[in-house]
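The structure appears below as structure tokens.
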Amino acid sequence: MRKLRWLLAVLCALMLVAASCGSDDDDSTDAGSDAGSSDDSSSMDDDMGDDMSDDMSDDMDEPMFMTGIGVDADNMVIRVGVNTDLSGAFAPLTTKITDAHQVYWEWLNDRGGIQGWTVEPVILDNQYDVPTHLENYEVMAGDGDESVVMFSTSTGSPHTASTAQRLVEDQMAAVPLSWYSGWADPEIGANVFEVQANYCIEGMNGATYMSETYGNNLAIATFPGDYGQDGAAGVKVAAEALGLNVVYDGEGAVVPGADQTPVITGIASSGADWVWLATNPTTAAEIMGGAYQSGFTGQWTGNGPTWNPLLLNTAVGPIADQLYTHSYYSVLWDVGESQGMQDMIAAMREYRPDAPFDDVYVIAWIEGLVATQILDAAISNGDLTRAGVLAAAQNVTVDLQGLAPNQSYGGDPNANLVRETYIYDVDLSLYTPGATVSDEGSNNGFSLIKGPYVSETAANWDYEACVAIS
């Protein structure tokens, strides 16, 4: 309609110009006619001008909706990246999280998506290998068919750290499947939007509980890098604040796939009351089993990814039943009646009724909620470019619907940090092996001891990244 009005205005203007270009002989005879019609012409010009001004005003009032790489505007599809471990060291954990993350998007899309936009996850296996993670990043940060507008999952601390500067250069946002303390530091994780308490705070809370319950002598054994050493740093912060004794310091000494005999011997001969681990579950089982066979009967705990309930099916299960305390970041399956919990359980039972039962689906749902609310804000802002999504992430407060504390990202990290964790007992008698999400009353062998829990050390901690980025 606007184009038609504009075209009529142009044609009328041309007709007026043509009329004014008549021959001199016609001037005297047409003068009266011209004079008589001047008011009508002026009126027509005014009307045309008013119409064109109205159209221009309308156009100026309507904001332009911007899209870019990773968005199919014609079909209203948004692609998000899932750079995850499907075959590496943490695959038994992360394959389940990834599947539940897919369920989240299926569930959301079937309910209208985000303001009518469908979200399509692009999933690539990083094999828990930094070079592979970087290769995947290059694909998804490019402009091809697997390009994305943001990462709703970036798995691994050193892996995500390897892309931190690239995220800044590419103006992209990423939600990490990692609880590294550096993400809240704008000099380290400017474009990485963490969720829940970090490994370092988890170490403070866990060390406080373990020392109060089991004694002041502790051993530490962790992977090197941003995961293992971050957790160890938190334990050491608590140890200094509480006057604890680190009788074996194996921070960074546990090399994946290596012979763990030196670590096992160090723990077994240390006289520790309890041990803090930050490894993967397979390595944890090797160290725990080896130390127990060497006569060590102290207690065990560690950062959340260290433990997997599947270990209860192995020879280490009875040892863990007696000696392991599980630290975690959120409530477990079917705990509480929050909207987030109800939606997650209903969706898993509808879309994956035969999926193995697991509490880690909560994490997948939380990451989906974070990404959804970032994208929703970007759509409302009229800017679905990568830079627009990033700007939305920097200013949003996400409602995690009772699954975890709400999260903000702008301003002082000290004000935004989540300092709450959960402490669970591993109880073999509660474990229901082989259960699916459709089975009522399933349990991964956990009973809540304390949580949400914030130790005095964590509550009073003045934020800084506990270990440098690698």
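The values are calculated or read from the model by the stated rules, or taken from the named source; none is laboratory data. Everything numeric in this text was worked out from a predicted model, so none of it was measured. Note: ideal-geometry Cβ built from the backbone for every residue, glycine included; neighbour counts use all protein chains shown. The accessibility values were calculated without ligands, DNA or RNA, using every heavy atom of the protein model including side chains. Shrake-Rupley method; radii C 1.70, N 1.55, O 1.52, S 1.80 Å.
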**OP:** With respect to Ile287, determine if the residue is buried (at least 21 other Cβ atoms within 10 Å of the Cβ) and over 34 Å from the mean Cα position of the chain (by Cα).
**Re:** no
**OP:** For region 63-165, please list each of the strands (runs of 3 or more DSSP E) lying entirely inside it that holds at least 2 residues being touching a residue at least 60 places away in the same chain (Cβ under 8 Å) and β-branched (Val, Ile, Thr).
**Re:** 77-84, 150-155
Original post:
What are the residues in region 290-310 that are outside any loop (DSSP other than H, G, I, E, B), more than 17 Å from Val235 (Cα to Cα), touching a residue at least 12 places away in the same chain (Cβ under 8 Å) and open to solvent by 20 Å² or more (accessible area, probe 1.4 Å), if any?
Top reply: Tyr292, Leu310
Original post:
Which condition number in (1) crowded, with 20+ Cβ neighbours inside 10 Å; (2) closer than 30 Å to Ser181 by Cα is the one that Val335 fails?
Top reply: (1)
**OP:** With respect to Leu177, determine if the residue is touching a helix residue (DSSP H, G or I) at 6+ places or on another chain (Cβ under 7 Å), open to solvent by 10 Å² or more (accessible area, probe 1.4 Å), modelled with pLDDT of 95 or more and closer than 20 Å to Ile366 by Cα.
**Re:** yes
Original post:
With region 171-255 as the region, which strands (runs of 3 or more DSSP E) entirely inside it contain at least 3 residues that are within 21 Å of Ala91 (Cα to Cα) and under 21 Å from the mean Cα position of the chain (by Cα)?
Top reply: 174-177
Original post:
Looking at (1) assigned to a helix (DSSP H, G or I); (2) buried (at least 21 other Cβ atoms within 10 Å of the Cβ), which is the one condition that is false for Cys466?
Top reply: (1)
Original post:
For residues in region 203-231 being touching a Phe, Trp or Tyr at 6+ places or on another chain (Cβ under 7 Å) and among the acidic types (Asp, Glu), which is surrounded by the fewest Cβ atoms within 10 Å (Cβ to Cβ)?
Top reply: Asp230
Original post:
What residue, among those in region 280-289 that are assigned to a helix (DSSP H, G or I) and in contact with a Pro (Cβ under 8 Å, 6 or more places away or on another chain), is nearest to Leu428 (Cα to Cα)?
Top reply: Pro281
Original post:
Can you spot a residue in region 131-151 that is closer than 30 Å to Tyr453 by Cβ, modelled with pLDDT of 95 or more and not hydrophobic (A, V, I, L, M, F, W, C)?
Top reply: no
Subject >> Unique residue being of a type outside the set (Val, Ile, Thr), at pLDDT below 95 and more than 23 Å from Glu202 (Cα to Cα) when the list is Ser338, Ser270 >> reply: Ser338
Subject >> Breaking point among (1) out of contact with any Ser or Thr (no Cβ under 7 Å at 6 or more places or on another chain); (2) over 13 Å from Ala291 (Cβ atoms); (3) among the hydroxyl-bearing types (Ser, Thr, Tyr), for Ser269 >> reply: (2)
Original post:
Under the condition of being under 23 Å from the mean Cα position of the chain (by Cα) and among the aromatic types (Phe, Trp, Tyr), which residue from region 405-462 is farthest from Tyr329 (Cα to Cα)?
Top reply: Tyr409
**OP:** Select from region 354-396 the residues that are touching a Lys or Arg at 6+ places or on another chain (Cβ under 9 Å) and either small (Gly, Ala, Ser) or within 17 Å of Gly68 (Cβ to Cβ) (or both) and list them in ascending order.
**Re:** Ala355, Ala364
**OP:** Could you look through region 438-463, keep only residues that are assigned to a helix (DSSP H, G or I) and without any contact (Cβ under 8 Å) to a residue 60 or more places away in the chain, and pick out the one that is nearest to Val362 (Cα to Cα)?
**Re:** Ala459
